[in-house]
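Single-structure report; data block below.
The values are calculated or read from the model by the stated rules, or taken from the named source; none is laboratory data. Please read these numbers as outputs of a predicted model, since none were measured by experiment. Using ideal geometry, Cβ is built from the backbone for each residue, glycine included, and neighbour counts are taken over all protein chains shown.
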Amino acid sequence: MISKERHFPIKIQKLQVLLLRILETHSKTNFIKENLSKSLAGYNGEKSIDYYLSLLPDKSFYILHDLRLLLNGLYFQIDTLLLTKSFALILEVKNLAGSIDFDSIFNQMIQKKNGVEFALPDPIIQIGRQESQFRSWLHEHHFPPIPIRTLIVISNPQTIIRSHDKNVSQKVIHAALLPQKISQIYNESQNNILLDKDIRRMIKLIKKFDTPLNPSVLNQYNISRQEIINGVFCEICSYLPLDRVHGYWFCPKCKTKSKLAHLKSLEHYNLLFGEEITGQQLKSFLRISSPALATRILNSVCIGYRGKGKGRVHTLPSKQK
């Protein structure tokens, strides 16, 4: 049973919008593209295991995706958590191409791709830390101690896994083996520790305290507001900026007319600058001059406001979760 769905990460949405709103010649464009590619690969890897998890019996497993929980003032993340009455299982998904070699002497993972080797952090250490953190989180919220198992799932079926440590094969698997491995763990853990009410309370608290990462990409890449390209995009050909003509947004390139093309641009604003916007900021971002039009747009899309007159600050619908 899916108790918390997997959502398209807001961080990726922000990176995609940032690339649309800076010049292709910007000095940080290639760096942002590389980071976006890595983030998309990670998300696609996590999403690729959903089919295998769907093969599990609904009544025995509760599945929660993309968790970020606070412990002792610091956040820890879990790709996927499976809960049962007898154990919890943490899944860490890696989408890696080529071959990977687990070096248990120096505690690193070595990836070889296109003839080049890269040293990466050991995910076995990473998932061991997640296990410890989640155990402490459960204790902090007064749940009975339960066994916590961990697995590293390699989502790319063509990735070659190597190690001289036989214990690695108990921790690291290809995604296709996931249902079989989970069934094995389940059959080895028949003693029920949690009651139905414990499971319900645990899921409720996890979802309550889950805090998705919502970074400011402008701060992260040290990009100023002045470097962001203003204007409304064409929904058909992506031309920027559209003209405002007789109550419509008009594209001089493909001649498309639209009444609502500004909605996507306000989503862009929200992702880059946050939920709060003033009339002047809206006029500047949409490249319009009419205060009356700005007021109509704000009143039609915003969910609230504070302040009066020119100092009024409106709230755009949240992109969080």
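Note on the stretch 1-15: among residues that are of a type outside the set (A, V, I, L, M, F, W, C) and surrounded by fewer than 15 Cβ atoms within 10 Å (Cβ to Cβ), the one that is nearest to residue 201 (Cα to Cα) is 5. Suppose the filter is closer than 22 Å to residue 214 by Cα and either buried (at least 18 other Cβ atoms within 10 Å of the Cβ) or not assigned by TED's automatic domain parsing to the domain that holds residue 205 (or both); does residue 64 pass it? Spelling it out, residue 64 is indeed closer than 22 Å to residue 214 by Cα and either buried (at least 18 other Cβ atoms within 10 Å of the Cβ) or not assigned by TED's automatic domain parsing to the domain that holds residue 205 (or both).
Set side by side, the residues 245, 313, 301 differ, and just one is in contact with a Gly (Cβ under 7 Å, 6 or more places away or on another chain) and more than 24 Å from residue 24 (Cα to Cα), which is 313.
Considering only the stretch 135-149, I want to know if a residue exists there that is in the same structural domain as residue 9 (by TED's automatic domain parsing), among the aliphatic types (A, V, I, L, M) and under 23 Å from the mean Cα position of the chain (by Cα). Within the stretch 135-149, none of the residues are in the same structural domain as residue 9 (by TED's automatic domain parsing), among the aliphatic types (A, V, I, L, M) and under 23 Å from the mean Cα position of the chain (by Cα). On the stretch given as the stretch 16-52, residues that are surrounded by 15 or more Cβ atoms within 10 Å (Cβ to Cβ), among the aromatic types (Phe, Trp, Tyr) and over 26 Å from residue 91 (Cα atoms) total 0. Only one of the numbered conditions (1) of a type in the set (Val, Ile, Thr); (2) under 30 Å from residue 260 (Cα atoms); (3) not assigned by TED's automatic domain parsing to the domain that holds residue 264 is not met by residue 193, and that is (2).
The single condition among (1) under 30 Å from residue 135 (Cα atoms); (2) of a type outside the set (D, E, K, R); (3) loosely packed, with under 14 Cβ neighbours inside 10 Å that residue 177 does not meet is (3). In this structure, does residue 229 turn out to be over 25 Å from residue 153 (Cα atoms) and either assigned to a loop (DSSP other than H, G, I, E, B) or over 23 Å from the mean Cα position of the chain (by Cα) (or both)? Yes, satisfied.
This table checks each residue for (1) in contact with a Ser or Thr (Cβ under 7 Å, 6 or more places away or on another chain); (2) among the hydrophobic types (A, V, I, L, M, F, W, C); (3) in a helix (DSSP H, G or I).
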| residue | (1), (2), (3) |
| --- | --- |
| 117 | no, no, no |
| 131 | yes, no, yes |
| 161 | no, yes, no |
| 170 | no, no, yes |
| 215 | no, no, no |
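Pick from 239, 221: which is more than 15 Å from residue 260 (Cβ to Cβ), touching a residue at least 60 places away in the same chain (Cβ under 8 Å) and outside the structural domain of residue 8 (by TED's automatic domain parsing)? Quick ask: steps written out before the conclusion?
Values: 239 fails: touching a residue at least 60 places away in the same chain (Cβ under 8 Å).
After ruling out the rest, the residue left standing is 221.
Among the conditions (1) part of a loop (DSSP other than H, G, I, E, B); (2) within 21 Å of residue 5 (Cβ to Cβ), the only one that residue 106 does not satisfy is (2). Across the stretch 79-90, not a single residue is classified as exposed (fewer than 13 other Cβ atoms within 10 Å of the Cβ) and in contact with a strand residue (DSSP E or B) (Cβ under 7 Å, 6 or more places away or on another chain). Residues in the stretch 92-131 that are charged (D, E, K, R) and crowded, with 20+ Cβ neighbours inside 10 Å: 92, 94. Tell me, please, whether a residue that is without any contact (Cβ under 8 Å) to a residue 40 or more places away in the chain and of a type in the set (A, V, I, L, M, F, W, C) can be found in the stretch 124-135. Scanning the stretch 124-135, I find at least one residue that is without any contact (Cβ under 8 Å) to a residue 40 or more places away in the chain and of a type in the set (A, V, I, L, M, F, W, C), so the answer is yes.
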